[in-house]
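Chemist: One structure follows; several queries about it will come next.
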Amino acid sequence: MEHIGSCYNGATKFGRMEGEGEYTFPTNTRYVGEMKDGMFHGKGVLYFPNGSKYESTWENGIAKQGTFTFADGLQYQEKDWSYCDGYDRRFYTERCNGLRPAGKSQITDLHPPRAIPDGCYDCGDGFYNPSTRVVTAYTGRFLRSADDQEHEWIVRTCRKAWDEVCGAEPEKSAAARLDKAPAIFVSSPR
């Protein structure tokens, strides 16, 4: 296990994981729970580095019944999922704690939002640098190189470190066009 960057702390039987234990993957995802013959077996929880978790009952390494909980406490539901459905745009923390007053609105589920390094985007699991096309974890650790499809999605969708003026262009507004238009006088009948 040490050769691939994982480790195990717990009971063993005949040199294999058996009983209660904690297995840590090279990605720092941890499994805490019951083992049998070197596999997840019984009740156990996968804890992900971003704070989310997957609680399940396992049989010979296969999850049979489980629930996924996001880092903010939102529990995923396969049926009757009402979060992020297009009708309610509130973040989960806003659903739990209410909306903030005008002028102090949340722009991410994390409030205040994470500061984004100059020239980068916050893509949900880390920061994306479009110059290098690299995604790094919020801790700075390398996560992946973005392909063309991910690059396009991040640049189109994700929050960026800089502000841009958007909306109407003053020189193209109706008022500006009227100022430049020749004056037309119409006399009214008396």
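The values are calculated or read from the model by the stated rules, or taken from the named source; none is laboratory data. Fair warning: this is a prediction, and the values are worked out from it, not measured in the lab. Every residue, glycine as well, gets a Cβ built from its backbone with ideal geometry; the counts of neighbours run over all protein chains shown.
Chemist: Here is a check on your reading of the model: is residue 156 farther than 30 Å from residue 39 by Cβ and either of a type outside the set (Phe, Trp, Tyr) or surrounded by fewer than 10 Cβ atoms within 10 Å (Cβ to Cβ) (or both)? So that I can check it myself, show each step before the final result.
Modeler: Details: farther than 30 Å from residue 39 by Cβ: yes; either of a type outside the set (Phe, Trp, Tyr) or surrounded by fewer than 10 Cβ atoms within 10 Å (Cβ to Cβ) (or both): yes.
Answer is yes for this residue.
Chemist: For the stretch 65-106, which positions are within 25 Å of residue 28 (Cβ to Cβ) and either surrounded by fewer than 12 Cβ atoms within 10 Å (Cβ to Cβ) or not aliphatic (A, V, I, L, M) (or both)?
Modeler: Initial filter on the stretch 65-106 (within 25 Å of residue 28 (Cβ to Cβ)): 66-76, 92-93.
Selection gives 66, 67, 68, 69, 70, 72, 73, 75, 76, 92, 93.
Chemist: Only one residue in 163, 122, 148 is more than 25 Å from residue 49 (Cβ to Cβ), among the charged types (D, E, K, R) and at pLDDT 90 or above. Which one?
Modeler: Values: 163 fails: at pLDDT 90 or above; 122 fails: more than 25 Å from residue 49 (Cβ to Cβ).
So the residue among 163, 122, 148 that is more than 25 Å from residue 49 (Cβ to Cβ), among the charged types (D, E, K, R) and at pLDDT 90 or above is 148.
Chemist: Could you say whether any residue in the stretch 73-94 is outside any loop (DSSP other than H, G, I, E, B) and of a type in the set (S, T, N, Q)? Steps first, please.
Modeler: To start, the set of residues in the stretch 73-94 that are outside any loop (DSSP other than H, G, I, E, B) comprises 75, 92-94.
Keeping just the survivors that are of a type in the set (S, T, N, Q) gives 75, 93.
Yes, that holds for at least one residue.
Chemist: Now for a different question. I need a count of the residues in the stretch 81-102 that are modelled with pLDDT under 85 and on the phi > 0 side of the Ramachandran plot.
Modeler: Qualifying residue count, the stretch 81-102: 2.
Chemist: Considering only residues that are charged (D, E, K, R) and farther than 23 Å from residue 164 by Cβ, look in the stretch 125-145 and name the one that is modelled with the highest pLDDT.
Modeler: Here is the first cut: in the stretch 125-145, the ones charged (D, E, K, R) are 125, 133, 141, 144.
Now restrict to residues that are farther than 23 Å from residue 164 by Cβ: 125, 141, 144.
Details: 125: 89, 141: 90, 144: 95.
Restricting to residues being charged (D, E, K, R) and farther than 23 Å from residue 164 by Cβ, the top hit is 144.
Chemist: Looking at (1) in a loop (DSSP other than H, G, I, E, B); (2) without any contact (Cβ under 8 Å) to a residue 12 or more places away in the chain; (3) under 30 Å from residue 19 (Cβ atoms), find the lone condition where residue 103 falls short.
Modeler: It fails just one condition, (3).
Chemist: A further question on this structure: Only strands (runs of 3 or more DSSP E) wholly contained in the stretch 1-45 count here; list those with 1 or more residues that are surrounded by 13 or more Cβ atoms within 10 Å (Cβ to Cβ) and acidic (Asp, Glu). Break it down into steps so the answer makes sense when it comes.
Modeler: Values: elements: 7-13, 16-24, 30-36.
Filter on the stretch 1-45 gives 16-24, 30-36.
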